[in-house]
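The values are calculated or read from the model by the stated rules, or taken from the named source; none is laboratory data. These figures come from a predicted structure and were not determined experimentally. FYI the Cβ positions are ideal-geometry reconstructions off the backbone, even for glycines, and counts take in every protein chain you see.
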Amino acid sequence: MPGAHPRPPRGRADIGTDADADAGTDAAATAGIDRRVFLRGSVGVSAGLIAAPAVVAWPATASASTLTAPTATATTAAPAATAATNASAAFVDAYTTNVLGNLTSETNAAVHILDGFARVWKTGAAWDTGTPLMPEVLRANMRYCARVTRRRTDAEARTAFVHDRQHQSYAVIAGLGPLADLYRSGAKAVTGITSAPDGIPAGRINDTLPADAPAGSALGAGSHSSDLGKVAELVDTVRGPFASSNPSKLAYQYPRPWRMTEGSRIVATGANDELGFPVYESDVVVVPQLLRQRGTDPADDGGFTSGHTNAFYLAALSLAYAVPERFQELVARASELAHTRVVSGMHSTVDVVGGRVLATALAAAALADPANAGLKAAARAQAAAYFQERTGSTADTLYAYAHAAGPDTDPYADRAANRAAVEPRLTYVLPKRAAHGAHDRMSVPKGAEVLLETRLPYLSAAQRREVLRTTALPAGYVLLDGFEKWGRLNLFAAADGYGAFDADAHVTLDAAAGGFGAADTWRNDIGGRGGLVKRGSGTLCLAGDNAYTGGTALEEGVLATASASALGHGDVRVGGGTLRVASPLRVRGAYAQASGTTLEVTLTGSGAPALTVDRRVLLDRGGRLVVHLAGSYRPRRGTTLPVIETRSLRGRFAEVVVNGAHTKPVFTSRGLSIHIP
């Protein structure tokens, strides 16, 4: 390890109701299947198995044409010993089992990864006979929904209506910020729903092409023949025939919140409302404009998982792959859109959490599928070329353009606000239990690293997996600790790099690669006992409150710092390239700088040294110091400014330059200052 110190680390879903939203994805699987009859003949019999799923083997490959619905006999006859000894296939290898013909945890990979919910809720023989297994969790779930729906404003209700009725892929486009309008025009993406009516609509409302839409326009992500056709095709492919939430709805049969009491019981009043819908005891209030848009058959209209949430995240993660410059903002957009499902009264928090978990796995599976390798590469290349040409930017400057707007025009311009909104919604009301050893250790699901493939292109697949592992949510959240732990992935955090160095991280960025491959910033607070080795001609900036103890070694290129503790708690060795310090930095170990390297610092006028080193400083005589004065700061003549403060300094810089002018430094055994003549 470089400079280690033994200090402890710091710690294609379409439009309509959610059932309607997935209707297009299940078309190939529904032929010959009466879902209600099948549900009563299959899921009800295997309810006990859903509540306590066994570890079973998945078919390695499948297609909608070859899958058949499991019979009750086949489901109950599977030998327990065989199930226990067979290794479960990874979701990405079995995602094509997610069709309406498979409605059990044993036959459907999507139902299986959601099996954390089986610890909370036991599916009944009919839609209204399920049983809470963790009543306190579901009670908190319903209380939250009741509180949110009773306190929402009229503006929030109208927004919830728009996002219920609008094509989900179109709704996500707003997460592109300054690039959103360019995307809509380039993809010819349009919507017919831009506002909510004042009262209850006279009939059902679905998104349709507006009369004034340009020729060739399309709903959702846009036209496949447009300038951004490959991007639109990627979104539609990820939201393809195996990406539906309907099988999990039918498998778990957890009702909509407006049909349930606080205790997740179904109590029919026997009355119908003015629209002819049965009335159930519930404290949850549906948005008035959506009352006529509700599903009419409760057996076909379950709550878990939210189809809209699944669709929002699928579209967002597809766009984030093609336009990684807005990765976090697209995740934040999906989170906000998913929350409108709770605000609308159409879904509960556990439905939304389940939708996110499902979409994360489905997006990874589709993007990791070799059949989609050419498409995803073409989509990324097309998006980069299109946006650079339209904005006059380059691969190195497109990110800056994509973040040039303020909160007045870009609702996702504030990263801190995005994080504050996203993170609580990863768990909502789910309580956290104490961790219990090896079972709770995070193991990243196979294929999940593809979700960061374009956002962290300079890392290997193994390194991206480590990023996902070290930024994942902790163990203990029921529903998130299901098979493969897809629910624990925190993609918003993962976009900011490692959360810990549990072993040395060797990172290479190439200035010629352009984009994130040439320069990136890691904003997470990095802990762990490992260290960082920076290589390559590119630039890596560390901006977190870091506490890793394994030290930092710069071998090539530029390593920049943007916080006082950016370099953690170990030694720092500059063996090549430039260490760029934009604000006062503390090195908690020793600092060594080799000949032919540069220390570049900025003095802000605060009086604090640019570099404080807890142990000693060793300088080879061939090193260089470059000092910048921040902004309009210009010290008075005769001022002596501290640059390095340390316990012991040995060596000299060969050259010291201040704002472009050579300056004679003042060396002492305890540091270095510059004198302004």
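For segment 268-310, residues that are touching an Asp or Glu at 6+ places or on another chain (Cβ under 9 Å), assigned to a strand (DSSP E or B) and polar (S, T, N, Q) total 1.
Counting the residues of segment 202-247 that are among the hydroxyl-bearing types (Ser, Thr, Tyr) and over 30 Å from Asp115 (Cβ atoms) gives 5. Selection of segment 628-664 for residues being within 44 Å of the chain's Cα centre (by Cα), part of a strand (DSSP E or B) and among the hydroxyl-bearing types (Ser, Thr, Tyr) yields only Thr646. Hey, among Gly487, Gly515, Gly497, Gly536, which residue is under 28 Å from Arg119 (Cα atoms) and not basic (Lys, Arg)? It is Gly487.
State whether the residues of segment 178-193 include one that is within 15 Å of Val286 (Cα to Cα) and not small (Gly, Ala, Ser). Scanning segment 178-193 turns up no residue that is within 15 Å of Val286 (Cα to Cα) and not small (Gly, Ala, Ser). Restricted to segment 425-453, and to residues there that are outside any loop (DSSP other than H, G, I, E, B) and under 16 Å from the mean Cα position of the chain (by Cα), the residue that is farthest from Ala363 (Cα to Cα) is Arg425. Output yes when any residue across segment 645-656 is closer than 27 Å to Phe501 by Cα and surrounded by 19 or more Cβ atoms within 10 Å (Cβ to Cβ), and no when none is. Scanning segment 645-656, I find at least one residue that is closer than 27 Å to Phe501 by Cα and surrounded by 19 or more Cβ atoms within 10 Å (Cβ to Cβ), so the answer is yes. Among residues of segment 310-333 that are farther than 14 Å from Lys376 by Cβ and among the polar types (S, T, N, Q), those with a beta-carbon under 6 Å from a residue that is part of a helix (DSSP H, G or I) and modelled with pLDDT of 95 or more at least six positions away or on a different chain give the pairs Asn310/Gly355; Asn310/Leu358; Asn310/Ala359; Gln328/Phe492.
Within segment 657-674, the only residue that satisfies the criterion of being hydrophobic (A, V, I, L, M, F, W, C) and loosely packed, with under 12 Cβ neighbours inside 10 Å is Ala661. Can you pull out the residues in segment 237-257 that are in contact with a Ser or Thr (Cβ under 6 Å, 6 or more places away or on another chain), crowded, with 24+ Cβ neighbours inside 10 Å and assigned to a loop (DSSP other than H, G, I, E, B)? Phe242, Ala243, Ser244, Ser245, Gln253, listed by residue number. Of Pro298, Pro370, Pro324, all but one fail to be touching a Ser or Thr at 6+ places or on another chain (Cβ under 8 Å) and either of a type outside the set (A, V, I, L, M) or at pLDDT below 95 (or both); the exception is Pro324. Of all residues in segment 166-218, those being within 27 Å of the chain's Cα centre (by Cα), hydroxyl-bearing (Ser, Thr, Tyr) and surrounded by 18 or more Cβ atoms within 10 Å (Cβ to Cβ) number 4.
Results for (1) more than 20 Å from Arg464 (Cβ to Cβ); (2) of a type in the set (A, V, I, L, M); (3) surrounded by fewer than 22 Cβ atoms within 10 Å (Cβ to Cβ); (4) touching a Ser or Thr at 6+ places or on another chain (Cβ under 8 Å), shown as yes or no for each residue.
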site	(1), (2), (3), (4)
Gly517	no, no, yes, no
Asp525	no, no, yes, no
Gly528	no, no, no, yes
Arg535	no, no, yes, yes
Tyr548	no, no, no, no
Thr552	yes, no, no, no
Ala560	yes, yes, yes, yes
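A count restricted to segment 366-407 and to residues that are part of a helix (DSSP H, G or I) and closer than 22 Å to Ala448 by Cα stands at 15.
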